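The values are calculated or read from the model by the stated rules, or taken from the named source; none is laboratory data. Quick caveat: nothing in here was measured; it's all calculated off a predicted structure. Neighbour counts are summed over all protein chains in view; Cβ atoms, including those assigned to glycine, are modelled from backbone coordinates with ideal geometry.
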Amino acid sequence: MTNVAKKTLKKQHSTKRVSWVGALAASMIMLPGILVGSPVLAQKAETKSLSYGELLQKTEQGEVRKVDIDDGEQIAKVYLVDQKPDEKPIVVRLLDQNAELINKLKEKNVEFGRVSSAESKVAMGILLNLVWILPLVALMLLLLRRSANASNQAMNFGKSRARFQMEAKTGVKFDDVAGIQEAKEELEEVVTFLKQPEKFTAVGAKIPKGVLLIGSPGTGKTLLAKAISGEAGVPFFSISGSEFVEMFVGVGASRVRDLFKKAKDNAPCIIFIDEIDAVGRQRGVGIGGGNDEREQTLNQLLTEMDGFEGNTGIIIIAATNRPDVLDSALLRPGRFDRQVIVDAPDLKGRLEILQVHARNKKLDPSVSLDAIARRTPGFTGADLANLLNEAAILTARRRKEAITILEIDDAVDRVVAGMEGTPLVDSKNKRLIAYHEVGHALVGTLVKDHDPVQKVTLIPRGQALGLTWFTPNEEQGLISRSQIIARIMAALGGRAAEEIVFGKPEVTTGAGNDLQQVTNMARQMVTRFGMSDLGPLSLESQSPEVFLGRDWGQKSEYSEEIAAKIDAQVREIVGNCYIKCKEILQENRIVMENLVDLLTEQETIEGDVFRKIVEDNVQDTVRDEKLAVPH
């Protein structure tokens, strides 16, 4: 829309508003005359009347009981002797001089008096004028107020939108934060800096200017910031990085300036910027140079954090889950002096987190939080909170009084794999899926370095028609080559079982996701971890270019000859693992058939039961082989 069109449209709106207000004012002006004049007309239409001569005659004859004379209207209200008490008086139009009538009334001793309607009419007129003037004045005040608000919004467009609390009462303390002890200790020290600065300044220490919380989503970065604000007892500003970014030039930088101006006025204080990667991305990257407005906002933020003017007493805490995209000038000491890694909790941390979230949950005495913690490796604090919440929802849905281990198991399955689907009815597909899942679980159990099986089920969840869970016994930081080979073999166990039982022409698409994982693990062994015959070489970058769509435009770091050797090594690793899988399943065909029959009947086999069956059958097979060997 052009400027001329905007002005025309605005003028039309203002003309409509003025005409509407004018029509309302005109109707209000006409209202008093209508209301004042209508009662007199109605009164004249409804009451009887006499002539002046008839009034004198009836007074002479003694038929008049009372007369009220209104000089203002020049009328007389006459009450006759034979008139009923509830009847209205008779109206008589008087002359300019009524001496004869007054003398006649005095002569006949008729009660008469003088009344005036002028004062009542004046009061009524004033009242009716106020009736239409007051709404008009209120309407004008409303229009003025709206125009003033519009101008204020225009003036405040560049103001900071940070939420400010003199003493943030978030309801979260450090006692409510568990599982990330190292990060909590770092931030407790920051709170001590704010509360007792002399303890550190006495030895020459300076308050850190910024703390950057780095961690995956759900690990508790924002929760830590809430705990800091609840513990520090100092003014607290909280804002998201996206609130600095606007489509108008200069607004982001203006908001940064305004935020730090308010913070300086309330120092010592804390500024918390959530998702700082929205405004702190690297400058001059991407196709076309990036967003110039975002870069100006970042430049202003860098200057405010550590420029010519000091920000004594202001501590900036920021959170991000993408530290790889942040500008290097933002990460240097003097701006963000400390980078605190908020990682997924270990076994002890998960147990502490579960204890925190179980405070307001009614758990059955048989539920062991330690067992839940062991069963949930890799879960973040948000995952564990969601797990107990899902268990509580299932408990309420099933009308139980307390959360049992059954609800916990179902909640884990729901969080990991998705919502439970309708059980399979078709016996052919059900048995085929049973062979596939038993193949995974059996190979994973018989291979030496694989994680123990947790559960095998034919109940569909999410997009999967059947699932096999493996749970590690301990936290795994480093993974050995034998463990990766074991995982590749377990992932190929489903396809190997299908081929052994139904033949190559009858294999299905059920192993599609398994093959993707297998190929990815084998390729990483060759190109990243140096676990192949090509030697200890890292042939592919471990950090793809995030500003160019990650894999888009990525150049190969090796020749075509090496690329062919990489493909050959990947095929060799996968091929050897597949051959070993089929050998294991063929050697334990009877065990596999028994497990498939049991799984088809029960639809779910727990890990302990599965491992016990495999262990017993394998021992029996070994004992029979020993008895069959001749001496």
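Comparison of 359, 338 shows that the only residue that is basic (Lys, Arg) and surrounded by 15 or more Cβ atoms within 10 Å (Cβ to Cβ) is 338. Scanning the stretch 207-241 for residues that are among the hydrophobic types (A, V, I, L, M, F, W, C) and part of a helix (DSSP H, G or I) returns 223, 224, 225, 227, 228, 232. The residue that is modelled with the lowest pLDDT, among those in the stretch 286-325 that are more than 30 Å from residue 233 (Cβ to Cβ), in contact with a helix residue (DSSP H, G or I) (Cβ under 7 Å, 6 or more places away or on another chain) and not in a helix (DSSP H, G or I), is 286.
Of everything in the stretch 306-335 that is among the small types (Gly, Ala, Ser) and either on the phi < 0 side of the Ramachandran plot or under 27 Å from the mean Cα position of the chain (by Cα) (or both), the residue that is surrounded by the fewest Cβ atoms within 10 Å (Cβ to Cβ) is 328.
Taking the numbered list (1) surrounded by fewer than 20 Cβ atoms within 10 Å (Cβ to Cβ); (2) under 30 Å from residue 415 (Cα atoms) in turn, residue 264 passes all entries but (2).
With respect to the stated conditions, residue 199 is surrounded by fewer than 16 Cβ atoms within 10 Å (Cβ to Cβ) and assigned by TED's automatic domain parsing to the domain that holds residue 324. Taken as a whole, the condition of being surrounded by 19 or more Cβ atoms within 10 Å (Cβ to Cβ), touching an Asp or Glu at 6+ places or on another chain (Cβ under 8 Å) and farther than 30 Å from residue 463 by Cβ does not apply to residue 391. From the list 108, 104, the lone residue that is in the same structural domain as residue 65 (by TED's automatic domain parsing), closer than 17 Å to residue 58 by Cα, in contact with a Gly (Cβ under 9 Å, 6 or more places away or on another chain) and modelled with pLDDT of 65 or more is 108.
Whenever a residue of the stretch 133-158 is under 29 Å from residue 244 (Cβ atoms) and small (Gly, Ala, Ser), its partners that are at pLDDT 80 or above and surrounded by 10 or more Cβ atoms within 10 Å (Cβ to Cβ), lying with C-beta atoms within less than 9 angstrom and at least six residues away or across chains, give the pairs 158/253; 158/254; 158/255; 158/257; 158/258.
When residue 365 is tested against (1) of a type outside the set (S, T, N, Q); (2) within 26 Å of the chain's Cα centre (by Cα); (3) assigned by TED's automatic domain parsing to the domain that holds residue 387, exactly one condition is not met: (2).
Each row is one residue, and each column tells you yes or no for (1) surrounded by 13 or more Cβ atoms within 10 Å (Cβ to Cβ); (2) under 30 Å from residue 431 (Cβ atoms).
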| residue | (1), (2) |
| --- | --- |
| 470 | yes, yes |
| 480 | no, no |
| 486 | yes, yes |
| 489 | yes, yes |
| 495 | yes, yes |
| 498 | yes, yes |
| 501 | yes, yes |
| 505 | no, yes |
| 509 | no, yes |
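Condition check ((1) outside the structural domain of residue 582 (by TED's automatic domain parsing); (2) in contact with a helix residue (DSSP H, G or I) (Cβ under 7 Å, 6 or more places away or on another chain); (3) in a helix (DSSP H, G or I)) across all residues:
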| position | (1), (2), (3) |
| --- | --- |
| 394 | yes, yes, yes |
| 401 | yes, no, no |
| 406 | yes, no, yes |
| 412 | yes, yes, yes |
| 422 | yes, no, no |
| 434 | no, yes, yes |
| 439 | no, yes, yes |
| 443 | no, yes, yes |
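Has the stretch 430-452 got at least one residue that is polar (S, T, N, Q) and modelled with pLDDT under 90? Within the stretch 430-452 (the criterion being polar (S, T, N, Q) and modelled with pLDDT under 90), the answer is no, since none of the residues qualifies.
Condition check ((1) in contact with a strand residue (DSSP E or B) (Cβ under 7 Å, 6 or more places away or on another chain); (2) over 23 Å from residue 591 (Cα atoms); (3) of a type outside the set (Gly, Ala, Ser)) across all residues:
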| position | (1), (2), (3) |
| --- | --- |
| 449 | no, no, yes |
| 466 | yes, no, no |
| 469 | yes, no, yes |
| 479 | no, yes, yes |
| 488 | no, no, yes |
| 492 | no, no, yes |
| 503 | no, no, no |
| 507 | no, no, yes |
| 518 | no, yes, yes |
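I'd like to check something: does the stretch 392-410 contain any residue that is basic (Lys, Arg), under 31 Å from the mean Cα position of the chain (by Cα) and on the phi > 0 side of the Ramachandran plot? Break it down into steps so the answer makes sense when it comes.
Let us first name the residues in the stretch 392-410 that are basic (Lys, Arg), namely 397-400.
Keeping just the survivors that are under 31 Å from the mean Cα position of the chain (by Cα) gives 397-400.
Adding the requirement that they be on the phi > 0 side of the Ramachandran plot leaves 399.
Yes, because at least one residue in the stretch 392-410 is basic (Lys, Arg), under 31 Å from the mean Cα position of the chain (by Cα) and on the phi > 0 side of the Ramachandran plot.
For the stretch 496-503, the condition holds for at least one residue, the condition being that it is of a type in the set (Asp, Glu), touching a residue at least 40 places away in the same chain (Cβ under 8 Å) and assigned by TED's automatic domain parsing to the domain that holds residue 568. When you scan the stretch 291-325, how many residues do you find that are in contact (Cβ under 8 Å) with a residue 60 or more places away in the chain and either of a type in the set (Gly, Ala, Ser) or over 30 Å from residue 195 (Cα atoms) (or both)? So the count comes out to 6. The residues on offer are 395, 380, and the sole one that is among the β-branched types (Val, Ile, Thr) and modelled with pLDDT of 90 or more is 395.
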